[in-house]
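What follows is a short report on a single structure.
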Amino acid sequence: MYRTRYTVIPRTLIFVFHGQELLLIRKSSWGGRYNALGGHIEPGEDILTSAQRELKEETGILPAKINFCGNIMIDNGNKLGISIFLFKAFSKTKDFQNSDEGELLWVGVNQLWQIDTFSDLPALTDKLLGWRPRDEPILIHYDKEVTYD
């Protein structure tokens, strides 16, 4: 009877756009792949506060508005999952501050296929780029297909 419920690890994933470019980060823990920004939600944080903190830590960027767009549930088996809260933001400039979090890179959304990213990043980018605040939330479920360590 113990541990009969599903346990999830909460994370944020923030897509920061400047026109038709997306700001990506490459962390060594991701095997050299690029991804959108984000990370763990710390105790006591709501999802928006976490997204703002992660953006500030990783880039120094604090956009005027960050929009919650949806959620990805990843089932890793053994009643353990990852819940990724998706956000979209726009940056007025391409300026950022480097940090110890990883290597930052602006990439044209049409060039994502030319660099090493998580397999779902180009499709997610299309969804997020077209998403508007009045749209329904984006809801995705993966069954062990994508790993966000």
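Please treat every number below as a calculation from the coordinates, not as lab data. This structure is a prediction, so every number in the text was calculated from the model and none was measured. Note that each Cβ is placed from the backbone with ideal geometry, even for glycine, and that neighbours are counted across all protein chains shown.
Per-residue packing, averaged as other Cβ atoms within 10 Å, sorts the ranges 80-91, 38-49, 131-142 into the order 80-91, 38-49, 131-142, beginning with the highest.
Which whole-number percent of Cα pairs in the range 21-71 have a distance greater than 17 Å? When every Cα pair of the range 21-71 is considered, 40 percent fall beyond 17 Å. Each residue, ILE138 and ALA123, gets one label point 7 Å from its Cα in the Cβ direction; the gap between the two is 1.2 nm. Each label point was placed 7 Å from the Cα along the Cα-to-Cβ direction; for ARG33 and ILE115 their separation is 1.5 nm. Dividing the summed -39500 (n - 2.57) terms of all DSSP H runs of n ≥ 4 by the residue count of the chain sets its mean residue ellipticity at 222 nm at -4500 deg cm²/dmol.
Extending 7 Å from the Cα toward the beta-carbon at both PHE68 and THR49 defines two label points whose distance is 1.4 nm. P(r) tail, the range 79-143: Cα-Cα pairs separated by more than 17 Å, 58% of all pairs. With contacts taken as Cα pairs under 8 Å at a separation of at least 6 residues, the chain carries a relative contact order of 32 percent. Taking the Cα centroid of the range 1-61 and of the range 73-149, what is the distance between the two, rounded to the nearest whole Å? When both Cα centres are located, 9 Å separates them.
For the Cα trace of the chain, dividing Rg by the Kirkwood Rh returns an Rg/Rh value of 0.96.
If one takes the longest principal axis of the Cα atoms in the chain, at what angle in degrees, from 0 to 90 and to the nearest 10, does the Cα axis of helix 121-130 lie? It is inclined by approximately 70 degrees. For the chain, the longest principal axis of the Cα atoms and the long axis of helix 47-59 meet at an angle of about 50 degrees. Here's the picture: a label point sits 7 Å out from the Cα of GLU103 along the beta-carbon direction, and within the range 7-38 the residues with their amide nitrogen under 13 Å of it are 24-35.
As a rough footprinting exposure proxy, the listed residues ASP95, ASP75 were ranked by other beta carbons within 10 Å of their own, and the order from fewest upward is ASP95, ASP75.
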